[in-house]
Amino acid sequence: MDVSLWALFVSAFVSSTLLPGNSEIVLVAVLKAGGAAPGAAVAVATLGNTLGGLTADAIVPKIISKLNA
């Protein structure tokens, strides 16, 4: 996998957690630079965003329960 797709994956993953990110900007940059096929870039961004959301869903309740303890 190309470095630009890895950067897109990390950006999408971080953007879907509690941390701010700009995955849309990275997606547009990857597409404009011709770093990947559009379908591959959208698939990688979707995978990163989904996995980041699942990670946030798993972590946030644990953080909240520790804060309330």
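In units of the compact-protein estimate 2.2 N^0.38 Å, the range 1-41 shows a Cα radius of gyration of 1.09.
Over its Cα atoms, what ratio of radius of gyration to 2.2 N^0.38 Å does the chain give? Ratio of Cα Rg to 2.2 N^0.38 Å: 1.28.
With angles folded into 0 to 90 degrees, how steeply does helix 23-33 sit against the dominant principal axis of the chain? Use alpha carbons for both and round to 10. Relative to the chain, helix 23-33 is tipped by roughly 10 degrees. For the chain, with all protein chains in place and a probe radius of 1.4 Å, 72% of the accessible heavy-atom surface sits on carbon or sulfur. Over the chain, accessible surface divided per residue gives 66 Å², non-protein components excluded, 1.4 Å probe.
The values are calculated or read from the model by the stated rules, or taken from the named source; none is laboratory data. Keep in mind that what you see is a predicted model, and the values were worked out from it rather than measured. SASA here: full protein model, heavy atoms, side chains in, ligands and nucleic acids out. Shrake-Rupley method; radii C 1.70, N 1.55, O 1.52, S 1.80 Å.
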